[in-house]
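Structure, as structure tokens:
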Amino acid sequence: MRWDYDQTLSQFETDEGAILKKILKLNDEICGFEKSISSQTDLIKLQQKNTVNIDEAISNINNGLNDLGIDNFRIVKFSDSLYKIVRENQSEDTFQTLSEGEKMIISFLYFRELCNGKGSATEVDKKKIVVIDDPIFKPFTYFCI
């Protein structure tokens with residue numbers, strides 16, 4: 001039987017070796033693509049860090065406060081990713097002196113900024129629909145952002 005199937009077995013071994021070489025080559029290419037994807041993802045994250053800017057959010061919140069006629073406190077940058085509330089004549093514990101309405105207005109303006117932007121640099125942009133069911137606003141007000 002060996003004489004009858006020797007040619008078939010030799011061809012199988014030759015084909016198997018060629019296929020294994022192709023598999024190794026494809027695995028190397030896959031590793032290269034994965035490294036390229038990883039480096040591009042890191043580059044995207046780095047570039048997105050430049051677009052996430054709390055200075056613009058602070059400005060928008062302060063403008064929203066001014067538009068509502070509130071000028072006795074404002075938001076200022078505290079660190080690279082944080083900000084705080086300050087009053088003109090007070091240095092600490094400003095949040096404790098705010099009324100519930102003022103806290104709600106700040107919360108809403110902050111929420112509006114979160115809806116317009118991203119919470120972190122790695123977040124992906126996506127369209128949002130915001131539904132607000134509150135008696136202050138028209139019931140079921142829709143904001144498409």
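Structure above, values below:
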| item | result |
| --- | --- |
| Relative contact order (percent, whole number), the range 1-87, Cα cutoff 8 Å, 6+ residue spacing | 16 |
| Sequence of M1, M104 when ordered by accessible area, the most exposed leading, probe 1.4 angstrom | M1, M104 |
| For the range 12-29, Karplus couplings with θ = phi - 60° (6.51, -1.76, 1.60), whole Hz, Gly/Pro x | 4, 5, 5, 5, 4, x, 5, 5, 4, 5, 5, 4, 4, 5, 5, 4, 5, 5 |
| T14 accessible area, 1.4 Å probe, all protein chains in place, Å² to nearest 10 | 90 |
| Listed pairs K84/K128; K22/K126; K45/K84; K45/K128 exceeding 29 Å between Cα atoms | K22/K126 |
| D71 accessible area, assembled protein chains, probe 1.4 Å, Å² | 120 |
| Accessible-area ranking of Y83, Y5, largest first, probe 1.4 Å | Y5, Y83 |
| FRET efficiency estimate (nearest 0.05) - Cβ-Cβ, Q47 to E13, R0 41 angstrom | 0.20 |
| Difference of contour (0.36 nm per residue) and Cα-Cα distance, D6 to Q40 | 7.1 nm |
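The values are calculated or read from the model by the stated rules, or taken from the named source; none is laboratory data. Quantities reported herein were computed from a predicted structural model and do not represent experimental measurements. Glycine also receives a Cβ, built like all others from the backbone with ideal geometry; neighbour counts cover every protein chain displayed. Accessible surface is based on the protein model in full, side chains and every heavy atom, while ligands, DNA and RNA are left aside. Shrake-Rupley method; radii C 1.70, N 1.55, O 1.52, S 1.80 Å.
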